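The values are calculated or read from the model by the stated rules, or taken from the named source; none is laboratory data. All values reported here derive from a predicted model rather than from experimental measurement. Glycine gets a Cβ as well: all are built from the backbone with ideal geometry, and neighbour counts include every protein chain shown. Quick note on the areas: whole protein, heavy atoms, side chains included, nothing else; ligands and nucleic acids left out. Shrake-Rupley method; radii C 1.70, N 1.55, O 1.52, S 1.80 Å.
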Amino acid sequence: MIENPFVTKGYAGPEYFCDRVKETHDILQLVTNGNNIALISPRRIGKTDLITHCFSQREISDHYYAFHIDIYATTSLRDFVNVFGMAILETLKPLGRKIWEKFVSVLKSLQAELSYDINNNPSWSLGLGDIHNPLVTLDEIFQYLQNADRPCIVAIDEFQQIIKYKDEKSAEALLRTYIQRCPNATFIFAGSKRHLMTEMFTSPARPFYQSVIPMGLKRISIESYTEFAVGCFEEYGKTVDPAVVENVYRKFDGITASVQRMMNVLFFLTPANGHCTIDMVDKALQYILDLFDDNYATLLESLPEKQREVFRAIAAEGKAKGVTGSKFIRKYHLQTASVVNAALRGLMDKDLVTVDNGEYSVYDPFLARWMEGAGAPNN
């Protein structure tokens, strides 16, 4: 047993994983039958942990090589190749020398760049400058996937990031071509920007058109999460009122990462053999906001004035509609629609604001709560 059952970083095993029974079954059925999937959901509701959970199931772990890469921080095809190769090598290394040697032997373009430790195990300690020709290295990676001694499953997290590559048009088409010619590998394309992911896979003008089965990921139901949370407390000799869990769930709109963090704090604030009550929720929230106070204040101060004004207006509104309309602009004493639009682009590029069905909101729910205390714009 780990010290706190409400895990806030990574996947800790099925006993700390809430629900997703149907989604796990669907993903296993689809990928083990050769179907590529586009897994689309808002960030922070658990798609990365769901993928890890699926990869840990024996239907996959006993019969496939499963690679999980996160390309959120990549900005070019060279970055993509670097992250891709590293993920494959780090996944194969624990499986034994004969396994990883097959991959390393294919990487002829990087033979001089790979380093080895004192036990002669390879290390992917490459800088971007060490990948002299990313197209050649990418070709080698796909050669390995196609000729591996097991079928492969590749999950690419935040796949919509390739749209931002300087060479995005060629990158998108290039990856589609490689994937189409690699029947030994099945792909899960996970993304959090619904409008971008939808366009990539449903627009006839895009390379990935009709190449996947789209799969949306909804929030875990309040009933399932409440049952999970109450059970976790009981497993560790503590108790919690179901109303506490339901209050936290609604306060954070069922966003798994935020709810988990709140429950993590509530759990350790509850003494051994103690009982967690509704009056502890505000204490837990304030505890978290105090921890992030300096970071949030610095973040707000670092924003350009126009972005800060729009950001504070959206935070005050909660879920903001018609943000470029005259009513919203007058209410929060903003400038013109074009100024608001420019500020929105900057805020979305920084991942400070998200949009869903035309409603803008602060991406980080704790930041939104902190801004309530930091003062709302005049209206």
Any chance you could run the full-extension gain for residue 130 through residue 26? It's 0.36 nm times the residue separation minus the Cα-Cα distance, nm to one decimal.
33.4 nm
Contour minus Cα-Cα span, residue 246 to residue 116, at 0.36 nm per residue, comes to 41.7 nm
So if we plug the beta-carbon distance of residue 356 and residue 287 into 1/(1 + (r/R0)^6) with R0 = 25 Å, what FRET efficiency do we get, rounded to 0.05?
0.30
What is the pair-distance distribution P(r) of region 1-136, computed from all Cα-Cα distances in 10 Å bins starting at 0, with each bin given as a whole percent?
9, 33, 33, 22, 3
Please report the orientation-averaged projected area of the chain, defined via the convex hull of its C-alpha atoms, in nm².
21.4 nm²
Amide H contacts under 5 Å for residue 188, restricted to residues at least 5 apart in sequence or on another chain and with H modeled in the peptide plane, are 37, 154, 155, 156
Please work out whether region 238-303 counts as rounded, prolate or oblate from its C-alpha gyration tensor, where a ≥ b ≥ c are the square roots of the eigenvalues and a/c under 1.5 means rounded, while otherwise a/b larger than b/c means prolate and anything else oblate?
prolate
Cα gyration tensor of region 307-379, axes a ≥ b ≥ c as square roots of the eigenvalues: rounded (a/c below 1.5), prolate (a/b > b/c) or oblate?
oblate
Find how much the distance from residue 305 to residue 2 grows on full extension, using 0.36 nm per residue of separation minus their present alpha carbon separation; answer in nm with one decimal.
104.6 nm
Charge dipole (the chain, unit charges on Cβ, about Cα centre) - positive-most of 371, 323, 222
323
What does the accessible area of residue 350 come to, in Å² to the nearest 10, when a probe of 1.4 Å is used?
100 Å²
Prolate/oblate/rounded call for region 226-379, Cα gyration tensor, a/c under 1.5 rounded
prolate
Would you please report the Å³ per residue occupied by the convex hull of the alpha carbon atoms in region 188-277?
106 Å³
Can you pull out the trypsin sites (Lys or Arg not before Pro) in region 1-54 that DSSP calls coil and that have at most 12 other Cβ atoms within 10 Å?
9
Per the 1/(1 + (r/R0)^6) rule, R0 = 45 Å and r from the Cβ atoms of residue 273 and residue 211, FRET efficiency to 0.05 is 0.25
Going 7 Å from the Cα of residue 101 along its beta-carbon direction, which residues of region 120-159 have the amide nitrogen within less than 13 Å of the resulting point?
120-122
Taking the Cα centre of region 302-379 as origin and charging only Cβ (+1 Lys, Arg; -1 Asp, Glu), how large is the dipole, in debye to the nearest 20?
280 debye
Taking the alpha-carbon centroid of each part, what is the distance from region 11-71 to region 281-337 in angstrom?
35 Å
At 1.4 Å probe size, with the rest of the protein present, what percent of the exposed accessible area of the chain is carbon and sulfur atoms?
50 percent
Given a Förster distance of 22 Å, the FRET efficiency implied by the Cβ-Cβ spacing of residue 35 and residue 58, rounded to the nearest 0.05, works out to 0.65
Charge dipole (debye, nearest 20) of the chain; +1 at Cβ of Lys and Arg, -1 at Cβ of Asp and Glu
1080 debye
